[in-house]
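Report on one structure; see the data block that follows.
Every number in this text was worked out from the coordinates using simple rules, so none of it is lab data. Just so it is clear, the model here is predicted, and its values are computed rather than measured. As a convention, Cβ positions derive from the backbone with ideal geometry for all residues, glycine included, and neighbour counts pool all protein chains shown.
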């Protein structure tokens, strides 16, 4: 009788252990599914992904918050164009490149902006005077503040055809410490560009329209204008 009682107690504890394990795994899978957008996902994060990819010319479908085959194809297109792992999944690296943070944490967003802006500055103004590097960062932020451009750092940087460093892949190079410093200075409000929203190199520019823009200042090889 005593052995039977012990066996029953053992079975009860075993069942409880298995139940707790199932609940934990289910909760963990739920947490992961909420923070990792992939085929079959739905919600506001998916809508953000679709909206940004559509603004940048990668996605042609409806902004419906459903991560379907069109969204997968658009994410792969974006990943391929920006040197990311091409898996069609909007994981941390892909979301960061889009300027989206899963937890909507302000500190995380700021960190993402610093990293992305530093990469852009490194690709566009490497070898330029430090003031010119900050000015390039300021142009990005001036565009963010303008109604003529996307309203986020990532949106401005990844707007189709906006920056050569994105088109030729130099944005994926590891930024120098100087580029990080310039990004932080620009984000903190320093604008050596004089409010410019464009810049170009007069020695290599072939676009006639850019020459018509009012100049604010020339720093190094770059002419800044509005």
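Quick look at the values:
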| item | result |
| --- | --- |
| Likely footprinting exposure, 53, 117, fewest C-beta neighbours within 10 Å first | 53, 117 |
| Relative packing of peptides 120-130, 172-182 - highest average C-beta neighbours within 10 Å first | 120-130, 172-182 |
| Ranked list, fewest to most other Cβ atoms within 10 Å of each Cβ, for 39, 224 | 39, 224 |
| Coordinate range along principal axes, alpha carbons of the range 44-98, Å, largest first | 26, 18, 18 |
| Residues residue 172 and residue 210, FRET efficiency given R0 of 35 Å [Cβ-Cβ distance, rounded to 0.05] | 0.90 |
| For 204, 42, 216, order by how many other beta-carbon atoms lie within 10 Å, fewest first | 204, 42, 216 |
| Radius of gyration and Dmax over the Cα atoms of the range 107-225, both given in Å | 13.0, 41 |
